[in-house]
Amino acid sequence: MTLFLENARIIDPEAGTETIGNVILDGGLIAAIGAATAPKGARVIDCGGKCLAPGIVDIGVKIGEPGERHRESFRSAGLAAAAGGVTTIIARPDTNPAIDTPEVLEFVTRRAAEAPVRIHHISALTKGREGREMVEIGFMLDAGAVAFSDVDHVVTDTKVLGRALTYARSLGALVIGHPQDPGLSKGAAVTSGKFASLLGLPGVHPMAERIGLDRDLGMVEMTGVRYHADQITCARALPPLERAKRNGLDVTAGVSIHHLTLNDLDVGDYRSFFKLTPPLRPEEDRLAVVEAVASGLIDIICSMHTPQDEESKRLPFEEAASGAVALETFLPAAMRLYHAGAMDLPGLFRAMALNPAKRLGLPQGRMAEGAPADLVLFDPDAPFMLDRSKLQSKSKNTPFDGQRMEGRVIATFVAGKQVFAMGETQNA
């Protein structure tokens with residue numbers, strides 16, 4: 001069906017503009033922007049002056065299939081994504097078993113077909129994410145892998161890592177690293193400092209991230225591989241990232257929405273829903289990273305959606321599992337940056353949609369004629385109280401529970417089809 005979206009506040013991250021106009025969706029693509037009248041037979045949707053932007057492309061989403069379907073299924077993740085304006089999920093390989101063979105990748109690709117949004121998969125870099133033997137990178141690319149990563153299982157054997165990066169370079173594959181020194185960060189629950197000492201919790205110094213990034217960038221310089229740092233969360237890591245880019249290395253970096261909007265004091269009285277990997281940082285680090293995203297030094301904002309069940313979170317802080325769900329809270333949390341004046345809407349969607357799509361070689365993330373009609377219609381000013389029990393995700397481990405937020409998704413479109421409408425009941 002042809003859709004005519006009229007009276008929309010069009011957010012174009014590529015041009016960096018906001019304009020009022022109409023958009024025609026036809027054949028799964030954006031057919032026209034700025035058309036004066038609706039085509040004959042088109043379904044007309046009045047956007048009421050609300051924002052229309054490219055759908056979010058979210059790198060690094062944990063889905064429980066295979067092995068942990070009780071925490072998140074492809075269907076529940078897809079419903080949560082559609083409700084949050086995420087139209088493309090880039091799923092992580094830290095499953096059970098890991099996505100490290102073409103057979104497992106083909107299985108999850110088939111399972112992902114039941115989701116209402118697009119889902120692509122990252123392959124593990126080494127078999128079992130154990131850091132001993134690289135996967136068959138060529139076969140995994142042929143099976144549809146969009147990138148390679150062992151997620152938070154950092155490869156410590158630099159000879160193995162060098163061999164894998166060299167092979168990835170020969171095939172043009174993107175490798176996603178987790179900048180963290182595993183020795184320094186082992187057993188840590190929070191960022192070290194006065195607050196960690198007051199709580200009596202084991203901490204990790206932010207230098208662990210800097211050391212991990214320095215090691216990775218040295219390997220990138222040696223091999224010439226395409227590299228993306230999944231999360232840069234502290235000020236100490238920004239200078240080497242800037243130098244690497246200035247020196248022409250094919251390097252990009254991301255940061256989670258939680259590290260942009262929360263700090264280490266939010267842990268408060270041992271609130272385990274705020275336990276993340278890497279841990280939340282001091283406010284000065286948060287502000288430095290926000291500025292790095294605004295300047296373009298950090299390219300991508302992601303959710304790092306990590307569903308955990310109640311049993312793994314309702315534990316003493318040091319023993320609780322790390323991670324938080326974020327597919328539905330991604331956009332309203334990002335609106336905190338907009339309302340604080342830290343970033344404008346085109347800049348936010350450049351980091352949340354355009355840049356991740358470009359890094360992965362996907363056609364999404366653009367508000368342009370001929371681009372895929374993957375869009376989100378939202379009201380950036382709509383206030384609400386977040387109730388985690390109403391989230392579409394199977395797991396409810398959000399740090400924003402009970403908080404006042406702004407930014408409501410009104411409708412989500414994937415390939416020109418409306419997959420979410422505010423107020424409609426959807427069941428996972």
From the option list Arg69, Arg110, Arg92, Arg75, single residue qualifying as surrounded by 24 or more Cβ atoms within 10 Å (Cβ to Cβ) and either within 25 Å of the chain's Cα centre (by Cα) or among the polar types (S, T, N, Q) (or both) is Arg92
Within the range 311-346, of all residues that are within 24 Å of Phe74 (Cα to Cα) and without any contact (Cβ under 8 Å) to a residue 40 or more places away in the chain, the one surrounded by the fewest Cβ atoms within 10 Å (Cβ to Cβ) is Glu311
In the range 387-403, anything of a type in the set (A, V, I, L, M, F, W, C) and under 17 Å from Lys275 (Cα atoms) is listed as Phe400
In the range 372-426, anything in contact with a Leu (Cβ under 8 Å, 6 or more places away or on another chain), polar (S, T, N, Q) and more than 25 Å from Asp344 (Cβ to Cβ) is listed as Gln392, Ser393, Thr398, Gln418, Gln426
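Where in the range 214-302 are there helices (runs of 4 or more DSSP H), lying fully within it, with 3 or more residues that are over 20 Å from Leu331 (Cα atoms) and either more than 19 Å from the chain's Cα centre (by Cα) or at pLDDT 95 or above (or both)?
238-246, 283-295
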Filter the range 113-159 for residues that are among the hydrophobic types (A, V, I, L, M, F, W, C) and touching an Asp or Glu at 6+ places or on another chain (Cβ under 7 Å); the one that is surrounded by the most Cβ atoms within 10 Å (Cβ to Cβ) is Leu125
How many residues of the range 250-274 are within 23 Å of Asn355 (Cα to Cα) and among the small types (Gly, Ala, Ser)? The answer is 3
Within the range 40-62, restricting to residues that are more than 27 Å from Asp152 (Cα to Cα) and β-branched (Val, Ile, Thr), the one that is surrounded by the most Cβ atoms within 10 Å (Cβ to Cβ) is Ile45
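Inside the range 41-120, counting only strands (runs of 3 or more DSSP E) that do not spill past its ends, which hold 2 or more residues that are hydroxyl-bearing (Ser, Thr, Tyr)?
86-91
How many of the residues making up the range 138-157 are assigned to a helix (DSSP H, G or I) and either basic (Lys, Arg) or within 23 Å of the chain's Cα centre (by Cα) (or both)? Break it down into steps so the answer makes sense when it comes.
Of all residues in the range 138-157, those assigned to a helix (DSSP H, G or I) come to 138-142.
Those left that are additionally either basic (Lys, Arg) or within 23 Å of the chain's Cα centre (by Cα) (or both): 140-141.
Residues meeting the conditions: 2.
Against the definition (within 21 Å of Ala340 (Cα to Cα), exposed (fewer than 15 other Cβ atoms within 10 Å of the Cβ) and either acidic (Asp, Glu) or under 17 Å from the mean Cα position of the chain (by Cα) (or both)), how does Asp381 come out, yes or no? So that I can check it myself, show each step before the final result.
On the way: within 21 Å of Ala340 (Cα to Cα): yes; exposed (fewer than 15 other Cβ atoms within 10 Å of the Cβ): yes; either acidic (Asp, Glu) or under 17 Å from the mean Cα position of the chain (by Cα) (or both): yes.
Judged against the criteria, Asp381 is a match.
The values are calculated or read from the model by the stated rules, or taken from the named source; none is laboratory data. These numbers come from a predicted model, not from an experiment. Don't worry about glycine lacking a Cβ; one is built from the backbone with ideal geometry, like all the others, and counts go over all protein chains shown.
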